[in-house]
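In what follows, a structure is listed as structure tokens, so that the remarks can point back to it.
Since every read-out is calculated from the coordinates, none of them should be taken as a lab result. In this text, all values refer to a predicted model and were calculated from it rather than measured experimentally. In this analysis, Cβ positions are derived from the backbone assuming ideal geometry, glycine residues included, and neighbour counts consider all displayed protein chains.
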Number of protein chains: 2
Amino acid sequence: MIITVVGLGVIGGSYVQALKGLGHDVYGVDTNEKTLKQAKQDGYIIDGFVDGHEIISQSDLTIICLYPSLVLDFIARHHFKKGSIITDVVGIKSYFLEKALKLVDNDVEYVSGHPMAGREKKGYEYASREVFKNANYIIIEHQKNKKESIEFMSQFVSQLGFKSVKIMSPYDHDEIISYTSQLPHMIAVALMNSDSQRFETGKYIGDSFRDLTRIANINADLWSELFLNNKEYLLESMRLFEEQFDQLKDALMNDNDEKLKIMFDESSRRREKLEK
Amino acid sequence: MIITVVGLGVIGGSYVQALKGLGHDVYGVDTNEKTLKQAKQDGYIIDGFVDGHEIISQSDLTIICLYPSLVLDFIARHHFKKGSIITDVVGIKSYFLEKALKLVDNDVEYVSGHPMAGREKKGYEYASREVFKNANYIIIEHQKNKKESIEFMSQFVSQLGFKSVKIMSPYDHDEIISYTSQLPHMIAVALMNSDSQRFETGKYIGDSFRDLTRIANINADLWSELFLNNKEYLLESMRLFEEQFDQLKDALMNDNDEKLKIMFDESSRRREKLEK
């Protein structure tokens, strides 16, 4: 099977790494020639192309690892092999799929995906197949998908190391992701920026602060695009969070020891069963 | 030097482990005989006592690793060696020190401390000297402290593995800790409890959600005591956080891409320089 990964950044680079040894012919497309050269030298791709037109027209599977708006641009400007599958790693789906499906030819199938794995750092040098190990993957099913294509993708990503593969609609995806991924990023940014800066903060932190702010180091262009195009769900998740936060504040203000403990027991119970 | 660690839970247990090999005579006091037996068998303590009266009266340094209210109780009910030092690991200081200092005899010195290290789990079996490695330690100085005692404590904890030792007033401590430790715990609880539970959440999370909710598994008794006795500072930290959170929400509602990016760049800049 000829597989081409488009965009050898931290995610695309991890894909080519994870694909090694699985028996496919893997190629890379990137605007950066140095990255292509490195990936080829590392033995992860057979060859790399700045202009992907030729290799894309021969690929059985094209994995596009670009920012959402660039994915659309890439699809519009390339001709894909008849009967081939295109997939992506875009973090939001309803808004995006509507646009993408209009661009994809009828003889090509678009199977949208979301690997719930990533790093704070950008670029090929931070790529690692390890980020997929035991991570969650979501396949986003739409009306034009064939059952066997969904099945193929499910098996394919399992081989890359993902532990759980779930299939859902774009709407459900965007709802759950607004809570499990987008809300945590908003919280981390707000926490980091709410520092009064009266002290040399780094000297007074433990692992809890480190953990909660790691993703405050955020790719501004990518995430503002993701947030703004999912704002209804995200605003609702933010509202639900604030509701809980306000309850904690009220309990604190009213010295309501009992209420605090009930909420702490609830969060402990939920956290413990989270990945069971 | 005779050192007695009172309370061999996750923190006290880590102390006796970290003390191994430093040349002191280390004893343990705990209400649980099994724990004492285990610590002795592990080679971390010379002997263990359920009733600590005799060993405490001979100790040069007593490290009390109990809940805040139990520390006060322990000090009131024991006689400490003349010229010896008592220290603690209590997470809030203004309220606590006021009470503790009234109980301590004039010929004994109380040097309050805060190791910024911990685990979500309770108990001796989760203790590990590793938690102190490269962690931050805060010494809380009060009017009765001698310069040489502060210096002793500073060198002592450095030997246990702490990377940074800072000395500050109880008030400054409680202010910074309300931000770096208490606020993150409140946020984690609110995030965990704001789950709509429409989906099997654990299958749709990445490391960001894992990191932000780890401390939502929280010791309810301990933390409600810590929060309620530091509520002025904590409420102010919560207010500052909400201010930032609301700014993000507004920018989102108004499709203010530019504002979002400015806030993301700011949080990224702050996070990057955090521990430099």
Above 14 Å lies some portion of the pair distances; for region B:198-251, what is it as a whole percent of all C-alpha pairs? 72
Peptide A:256-268, shielding by other chains (average Cβ, 10 Å cutoff): 6
How big is region B:75-202 on each of its three principal axes, counting only the C-alpha atoms and giving the largest first in Å? 61, 29, 28
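With each run of n ≥ 4 DSSP H residues scored as -39500 (n - 2.57), what mean residue ellipticity at 222 nm is computed for chain A after dividing by its residue count and rounding to the nearest 500 deg cm²/dmol? Walk me through the numbers before you get to the answer.
Numbers: 12 runs with 130 residues, N = 276.
Calculated at 222 nm, the ellipticity per residue is -14000 deg cm²/dmol.
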Normalised contact order of chain A, rounded percent, pairs of Cα under 8 Å and 6 or more residues apart: 15
Equivalent-ellipsoid semi-axes (√(5λ), Cα gyration tensor) for region A:177-276, whole Å, largest first? 25, 20, 15
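Taking beta carbons within 10 Å but only from partner chains, what does the mean come to for residues B:174-182? Can you show the working numbers first?
Details: counts 0, 4, 9, 3, 0, 10, 14, 5, 2.
For this peptide, the per-residue mean of nearby foreign Cβ atoms is 5.
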Closest approach to the A-B rotation axis by any Cβ of A: residue and distance in angstrom? A:Asp211, 2
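Net charge around B:Asp51, counting only other residues with Cβ within less than 14 Å of its Cβ (Lys, Arg = +1; Asp, Glu = -1)? Let's see the in-between values first.
Values: positive: B:Arg77; negative: B:Asp30, B:Glu33, B:Asp47, B:Glu54.
Its environment carries a net charge of -3.
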Distances in nm from B:Lys276 to the matching label points in the other copies, shortest first (labels 7 Å along Cα to Cβ): 4.4
Separation between the A:Glu200 and B:Ser69 pseudo-spin-labels, each 7 Å from Cα along Cα→Cβ, expressed in nm? 3.8
Principal axes first, then extents: for the Cα atoms of chain A, list largest minus smallest coordinate on each axis, whole Å, largest first. 68, 42, 32
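In peptide B:243-255, what is the residue-averaged number of other protein chain Cβ atoms found within 10 Å of each Cβ?
On the way: counts 3, 9, 11, 3, 4, 9, 8, 0, 3, 10, 3, 1, 3.
Counting Cβ atoms of other protein chains within 10 Å of each residue's Cβ and averaging gives 5.
DSSP loop trypsin sites (Lys or Arg not before Pro) in region A:9-88 with at most 10 other Cβ atoms within 10 Å of their Cβ, which ones? Numbers along the way, then the final one.
Details: sites: A:Lys20, A:Lys34, A:Lys37, A:Lys40, A:Arg77, A:Lys81, A:Lys82; in loops: A:Lys20, A:Arg77, A:Lys81, A:Lys82.
Listed in order of number, the matching sites are A:Lys82.
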What is the gain in length, in nm to one decimal, between A:Asp250 and A:Leu103 on full extension, counting 0.36 nm per residue of separation less the C-alpha to C-alpha distance? 47.8 nm
Please list log₁₀ I(q)/I(0) at q = 0.07, 0.09 Å⁻¹ for the protein assembly as shown, using the Debye equation with identical point scatterers on the alpha-carbon positions. -0.49, -0.74
Counted charge near B:Phe96, where neighbours are those whose Cβ lies closer than 12 Å (Asp, Glu -1; Lys, Arg +1): -1
Please compare each pair in B:Lys81/B:Lys147; B:Lys20/B:Lys146; A:Lys102/B:Lys203 to a cut-off of 23 Å on the Cα-Cα distance and tell me which ones are over it. B:Lys20/B:Lys146; A:Lys102/B:Lys203
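If you take the Cα atoms of region A:3-140, find Rg, then find the Kirkwood Rh from the mean of 1/r over all pairs, what is Rg/Rh?
Numbers: Rg = 13.9 Å, Rh = 14.9 Å.
Here the Rg-to-Rh quotient is 0.93.
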Run the label-point distances for B:Arg210 please: 7 Å along Cα to Cβ, every other copy, nanometres, shortest first. 1.6
Net charge around A:Asp25, counting only other residues with Cβ within less than 10 Å of its Cβ (Lys, Arg = +1; Asp, Glu = -1)? -2
From the label point of B:Ser169, set 7 Å along Cα to the beta carbon, how far off in nm is each other copy's matching point, shortest first? 6.0
For region B:131-178, what is the convex hull (Cα atoms) projected area averaged across all directions, in square nanometres? 3.5
Per DSSP, the loop-located trypsin sites (Lys or Arg not before Pro) within region A:180-261 having at most 13 other beta carbons within 10 Å are A:Arg198
